Amino acid sequence: MFSTSHAPRLAPVLIASGIILSLVMGVRHGFGFWLQPISQANQWTRETYSLAMAVQNLLWGVFGPLAGVAADRLGAARVVAVGALLYAGGLLWMALINQPGTFVIGSGILIGAAMACTAFGALSGIVGRTASVAQRSWAFGILGAAGSFGQFAMVPVEQQLIAITDWHQALWVLAATIVLVVLPLSLMLREPTVAHSAHAPPQSVTEAIREAFGHHPFMLLVAGYFVCGFQVVFIGVHLPAYLRDQGITDPQVAVTALALIGLFNIFGSYYAGKLGGRLPKRYLLSTIYLARAILITMFLVAPLSPLTVYLFSASMGLLWLSTVPLTNGMVAGIFGVRYLSMLSGFVFLSHQIGSFLGVWLGGYLYTAEGSYQTVWLITIALGLFASLVNLPINESPITREPVAAR
């Protein structure tokens, strides 16, 4: 499956990256289970915890380009190791702090920075640089599938940890697990030597940023990724509470729903990456966003039952992170891999601004209206918008003036 020249490097990088991403994304996807116990223990409304999650997502995006620059220059291994320590600190902060403002700011900074260092932004750069051009979209699909497997595997574990211990101790256990697993695996993230053409123009970080933000297709990609963040984080955090509000009080239904999203996203991410190596990525992205809008509409109008919840979750899982390999593949295809972590970080910043608004609006509008109905309608409208925005994107590599040979 691996080419001869890339097998010794790509295999261990993909394995280590996949396990790291599975764990850090899996833990994050279970944060919805702490919404009610933390809010009840501290006598907060849902808006407070929702704001904390929103700040985490926003700062994940804000720190993304900085972590990307560090990963491109210093190597992903160092950035991921720092991220593991920050992640553990953020989980302990959530367990120990009961002042709302301090909880929101502290957990937002620590976990936001941790996710920027350990998730797709930092890891996509080393995977993109290690894989051959022919393997790249497929490798991004593997990475996305790994993040999905983490959701499938970790969400039930987190719910059981809360049930058999309590929500404080569950956070302590997860903090220790992050450190003990991620730090050793970071040593496997060895950067390949990237060859540069003698005639390729030298490019600084500033020039790379200016080039990307002056390129119209990049800005369309940024706009579309905003929608992805809004949709998936709103659903991931607020779906358990929405089901309880609608009379489905068995917590196992919500656990199964989130696990199904993770399970089916394994296949969705993998095959999206595989198809991205054969078909225009812009058409695949447009189809994914349109399918999300249709699926959410069907979920809202159909009679709600555990069966319809499971069907919705499985179908949404196929579309969940399938945007990631396609988006990162387009960035790499247009701009190359030299500053891939940084540029992916800027695209992901848009994703996380959407995440911030999705999770925060969920809590804010629920508090104001007593219902999630308005936010669901917003997710549908944004899905249609993103479907249209991705259609005109030009995926061709950007043309740079060559340096004259001496």
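Bear in mind these aren't lab numbers, they're just calculated from the coordinates by the rules spelled out. Not measured: the values here are computed from a predicted model. Because the Cβ atoms are built from the backbone with ideal geometry, glycine has one as well, and the counts that use them run over all protein chains shown.
Give me the dipole magnitude in Debye, nearest 20, for the chain about the Cα centre, with unit charges on the beta carbon: positive for Lys and Arg, negative for Asp and Glu.
That gives a dipole near 1020 debye.
State the volume of the convex hull built on the alpha-carbon positions of the stretch 121-242, expressed per residue in Å³ and rounded to an integer. Intermediate results must be reported in sequence, preceding the final value.
Numbers: hull volume 20.6 nm³, N = 122.
Spelled out: Cα convex hull of the stretch 121-242, divided by residues, is 169 Å³.
Return P(r) of the chain (all Cα-Cα pairs; 10 Å bins starting at 0; whole %; ordered from short to long distances).
5, 24, 35, 24, 9, 2, 0, 0
Cα gyration tensor of the stretch 95-161, axes a ≥ b ≥ c as square roots of the eigenvalues: rounded (a/c below 1.5), prolate (a/b > b/c) or oblate?
Oblate, since a/c reaches 1.5 and b/c is not below a/b.
Show me 59-65, 35-41, 305-311 ranked by packing, highest mean number of other Cβ atoms within 10 Å first.
Those peptides, ordered most packed to least, come out 59-65, 35-41, 305-311.
Within 10 Å, count the other beta carbons around each residue, average over each peptide in 95-102, 164-171, 75-82, 275-282, and list them highest first.
75-82, 275-282, 164-171, 95-102
Okay, helix-only estimate at 222 nm for the chain: each DSSP H run of n ≥ 4 adds -39500 (n - 2.57), divide by all residues, round to 500 deg cm²/dmol; what do you get?
-27500 deg cm²/dmol
I'd like the orientation of helix 340-369 relative to the chain: the angle between its Cα long axis and the longest Cα principal axis, in ° from 0 to 90, rounded to 10.
20
Under unit Cβ charges (Lys, Arg +1; Asp, Glu -1), what dipole magnitude, rounded to 20 debye, does the stretch 155-274 have relative to its Cα centre? Present the calculation step by step, with values, prior to reporting the outcome.
On the way: 4 positive and 7 negative charges, 49 e Å.
For the stretch 155-274, the charge dipole is close to 240 debye.
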